[in-house]
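A.B. asks: Would you mind keeping the following structure in view while I ask a few things?
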Amino acid sequence: MAEPNRSSPNRSNEAQQRAERHAEQARKDMAQRREDASGVAGWVGERAGDWSLSGPDETAMQGQKFFWNALIDYWFRMEMEGWEHLPESPVLLVGIHSGAPFVWTVGVQWWRRFGQERPLHGTAHDALMALPGVGRFFRSMGVLPAAPDSIMSALAAGRDVALWPGGEVDSLRPWHQRDRAILAGRKGFVKLAIRAGVPIVPVATVGGADAMPVLFKGDRLARILRLDSVARLKVFPIAVSLPWGIAPAVLPQLSLPAKIRTALQPPVSVGEDPDRADDEAYLERKYQEVQDSIQHGMDALARRRAFPLFG
């Protein structure tokens, strides 16, 4: 359930009311879609649909901070910059995973900077949100399912949301593609930003892929196992990881040490016209603008590398 809305300098009263209407419709649509699903997909949808805007849980964050601080500062040696580009809330942050740890490092860095004053909701695949234990932990970190109802509700309530449109295609890409901005052609985030009346902040990052180098995607294996119909997964990658060595990337694992560099890019405005959400040419143009911005930022960050691996 969404929390009461708050005014924002990023949108007019009309845009605020429009965001609320779209959020309400998205909740109805997703509730019906989850109700219609059956089998494993229905179980996943039902569990993932149990979300709220109550997170991140400050007690949980404070309890974990010593672990996360050490991990970010010493294991990943993370640098994050570009805060001057960040507009007032709410905004939709859009980036690429560049390896599994990236999502968490951005969330923790955001919390370290803003605390409870400006909460950020990350997003995760339904399959992860549905897992016992894992889903509860994600919710304590303020993570929402990567679905229109939760994202629109958060934006309408004046919350910042971080979205990774490329999903598993992006996060589990082969290591040789580590410095490519991959959004997988998914333009839904542009529609969300238009309907919510918020700007898009592209997020560039490099180095995360070194923490779990993927050898190959395993898209054919995913089709054989019918993972798309069961869990909306189009790939089944094999990666180098601890403690398994070479193994499926879906196994629980420890990240390898890596040097992660991340930079917020200047915001991309999507305008005030709600009809643009149905304009395919406009959606494509804004999609390319965001992807190009991420790629430009990644190119600049990659030039700072001292070593091909972990540097």
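A.B. asks: Quick check for segment 157-311: number of Lys pairs with alpha-carbon distance under 26 Å, counting only pairs 8 or more apart or on different chains?
C.D. replies: 8
A.B. asks: Another one. Can you list the aspartates and glutamates whose alpha carbon sits under 19 Å from that of LYS65, skipping same-chain ones fewer than 8 residues off?
C.D. replies: ASP57, ASP73, GLU79, GLU117
A.B. asks: When the chain is modelled as a GNM with alpha-carbon springs shorter than 10 Å, which of GLY245, GLY42, GLY142 fluctuates the most?
C.D. replies: GLY245
A.B. asks: What FRET efficiency comes out for the pair GLU46/PHE137, r = Cβ-Cβ distance, R0 = 25 Å, nearest 0.05?
C.D. replies: 0.85
A.B. asks: Could you check the spin-label model distance between GLU84 and SER54? Points 7 Å from the Cα along Cα→Cβ, value in nm.
C.D. replies: 4.1
A.B. asks: Report the net charge of residues surrounding ARG136, where surrounding means a beta-carbon distance below 13 angstrom and charges are Lys +1, Arg +1, Asp -1, Glu -1.
C.D. replies: Charge balance near ARG136 sits at 0.
A.B. asks: While we're here: According to the square roots a ≥ b ≥ c of the eigenvalues of the Cα gyration tensor, what is the shape class of the chain, taking rounded for a/c under 1.5, prolate for a/b larger than b/c otherwise, and oblate for the remainder?
C.D. replies: Cα axes put the chain in the rounded bin.
A.B. asks: Can you give the accessible area per residue of the chain, in Å², using a 1.4 Å probe?
C.D. replies: About 47 Å² of surface per residue is accessible.
A.B. asks: Using a 10 angstrom cutoff on alpha carbons, build the Gaussian network for the chain and name the most mobile of PRO274, PRO165, PRO252.
C.D. replies: Ranking PRO274, PRO165, PRO252 by mean-square fluctuation puts PRO252 first.
A.B. asks: If you put +1 on each Lys and Arg Cβ and -1 on each Asp and Glu Cβ, how big is the dipole of segment 132-228 around its Cα centre, in Debye rounded to 20?
C.D. replies: 240
A.B. asks: Using +1 on the beta carbon of Lys and Arg, -1 on that of Asp and Glu, and nothing else charged, what's the dipole of the chain about the Cα centre, debye to 20?
C.D. replies: Roughly 840 debye for the chain.
A.B. asks: Between ARG113 and PHE66, how many nm apart are label points set 7 Å from Cα along the C-beta direction?
C.D. replies: 2.7
A.B. asks: Sorted by average packing, counted as other Cβ atoms within 10 angstrom per residue and highest first, what order do 83-89, 129-135, 150-156, 185-191 take?
C.D. replies: Per-residue Cβ counts within 10 Å, averaged per peptide and sorted highest first, yield 150-156, 185-191, 129-135, 83-89.
A.B. asks: At a Förster radius of 45 Å, what calculated FRET efficiency corresponds to the Cβ-Cβ distance of ASP278 and ARG304, to the nearest 0.05?
C.D. replies: 0.65
A.B. asks: Largest first, how would ARG304, ARG33, ARG11 line up by accessible area (1.4 Å probe)?
C.D. replies: ARG33, ARG304, ARG11
The values are calculated or read from the model by the stated rules, or taken from the named source; none is laboratory data. Keep in mind it's a predicted model, so treat the numbers as computed, not measured. So basically every Cβ, Gly included, is an ideal-geometry build from the backbone, and we count neighbours across all protein chains shown. For accessibility, only protein heavy atoms count, side chains too; no ligands or nucleic acids. Shrake-Rupley method; radii C 1.70, N 1.55, O 1.52, S 1.80 Å.
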